[in-house]
Amino acid sequence: MASVRRIRRAAAVLGAVAVFALVAIPAALGAFGAKTQNEGDIVTAAADFTPPAITAKVVAKSLGGVTGFVRKGGGYFVYANVATDTGNPASGLSTVKANAAEFTTGQNAATLTAGTFTAEGVSYNFRSAELTANATTEGSKPYTVTATDVAGNANTVNGTATIDNVIPTAADVQTTNVAGGTVGRAEKGDTVVFTFSEPIDPQSVLAGWNGTATSVVVRLVDNGLLGLSTGNDELLVYNAANNTQLPLGAVNLGRGDYVAGLLGGFVSFGATGTASSMVMSGNTITITLGTELGVLVGVTTAAGTGTMVWTPVATPYDRAGNVMATTAATQSGAIHKNF
């Protein structure tokens, strides 16, 4: 009987252990598996996956003025505007580089440095060192600017600029008569039109000029003496202050009776009253005569026809920086009275 009781006690103990295991262990596991969350304490983070933005870029000759053109042997810069890194959090800008290999052999990763720069009136915050073009093939050429941040995100934008190795020349010179004016007599409102073989850079004619209408003074020079025509009269163009001749050369008017005086001299148009006006459009510069002013010299009416000859000077240059040839241009068309 005693052994039977021992067996029953052992069975009771085993049963109690089993019950404890079935109840306590799942409860403990549940306690460890429970999750308490306070939504206000959640922390989130996003890596910098945003590349730097490039908002503008341009290639410009070292001489300044019109952008987008370079010539063989000429210096140039690559400009860019790069926005502040906008990653979350921002890793910061690392490098800005340009591939200008189409203009300069081997320049496929030219470094642009930060600063304050201006090209054709536009401000930029990055610019390359001065590079020298050695391309011989003319035409539109591609280049790229790449901005990379510290996180390695890169943004590349494409651009084009033109290689121009052709020297500009004088092509033609003409005059027009103002409506209601006297044919053969230079008067307020008459025009003189200089035509080039290609567009030139306006700043090479007048510092700071962008081609829009600006004031100048035109002089008609009397090359006669004692009222006699001893040489053809000339047309010259001066700045608005009438103290510096602009590099448009000289126009031989083909006759000596547009202005006349006892001792020679010149008549100014635009030095007083209404200024003469100069404007550029395409490959032409048009000058409209202003108010006439002569001292011991007066404007006369040409008695006959004449052919003008324009002799340029080697100062103006085209958009790529090619300096103008000095070959003279003879007025085209049928011979007629000018002005």
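Worth a mention:
- So GLY231, is it closer than 19 Å to THR307 by Cα and either hydroxyl-bearing (Ser, Thr, Tyr) or out of contact with any Pro (no Cβ under 9 Å at 6 or more places or on another chain) (or both): yes
- Residues that are in contact (Cβ under 8 Å) with a residue 60 or more places away in the chain and either within 22 Å of ASN338 (Cβ to Cβ) or not in a strand (DSSP E or B) (or both) occur in the range 221-228; there is at least one.
- Number of the exception - LEU226 against (1) crowded, with 22+ Cβ neighbours inside 10 Å; (2) modelled with pLDDT under 95: (1)
- Here the condition is being of a type in the set (A, V, I, L, M, F, W, C) and touching a strand residue (DSSP E or B) at 6+ places or on another chain (Cβ under 7 Å); of ALA147, ALA101, it holds for ALA147 alone.
- Residue match in the range 305-312 (condition: assigned by TED's automatic domain parsing to the domain that holds ARG219, farther than 30 Å from TYR76 by Cβ, surrounded by 17 or more Cβ atoms within 10 Å (Cβ to Cβ) and touching an Asp or Glu at 6+ places or on another chain (Cβ under 7 Å)): no
- Looking only at residues in the range 83-121 that are at pLDDT below 95 and of a type in the set (Val, Ile, Thr), the one that is nearest to ALA161 (Cα to Cα) is THR84.
- Members of the range 252-265 that are buried (at least 21 other Cβ atoms within 10 Å of the Cβ) and outside any loop (DSSP other than H, G, I, E, B): ASN252, VAL259, ALA260
- Residue that is nearest to VAL193 (Cα to Cα), among those in the range 313-335 that are buried (at least 17 other Cβ atoms within 10 Å of the Cβ) and hydrophobic (A, V, I, L, M, F, W, C): ALA329
Conditions tested, residue by residue: (1) assigned by TED's automatic domain parsing to the domain that holds ALA207; (2) in contact with a Lys or Arg (Cβ under 8 Å, 6 or more places away or on another chain); (3) under 30 Å from VAL205 (Cβ atoms); (4) basic (Lys, Arg).
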residue: ASN88; (1), (2), (3), (4): no, no, no, no
residue: THR104; (1), (2), (3), (4): no, no, yes, no
residue: LEU131; (1), (2), (3), (4): no, no, yes, no
residue: THR146; (1), (2), (3), (4): no, yes, no, no
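- Selection count, the range 94-147, where residues are more than 14 Å from ALA320 (Cβ to Cβ), more than 19 Å from the chain's Cα centre (by Cα), surrounded by fewer than 12 Cβ atoms within 10 Å (Cβ to Cβ) and touching a residue at least 24 places away in the same chain (Cβ under 8 Å): 1
- Scoring ALA56 on the criteria (1) within 19 Å of the chain's Cα centre (by Cα); (2) buried (at least 19 other Cβ atoms within 10 Å of the Cβ) leaves a single failure, condition (2).
- Restricting the range 309-323 to residues that are under 19 Å from TYR238 (Cα atoms) and touching a residue at least 24 places away in the same chain (Cβ under 8 Å) leaves a set whose member that is nearest to the chain's Cα centre (by Cα) is TYR317.
- Of the residues examined, ASN177 is not one that is surrounded by 15 or more Cβ atoms within 10 Å (Cβ to Cβ), closer than 20 Å to GLU198 by Cα and not acidic (Asp, Glu).
- All of VAL58, VAL78, VAL66 fail the test of being modelled with pLDDT of 50 or more, touching a Leu at 6+ places or on another chain (Cβ under 9 Å) and on the phi < 0 side of the Ramachandran plot, apart from VAL78.
The values are calculated or read from the model by the stated rules, or taken from the named source; none is laboratory data. Source: prediction; values computed, not measured. When we count neighbours, we look across all protein chains shown, and the Cβ atoms used for this are built from the backbone with ideal geometry, even at glycine.
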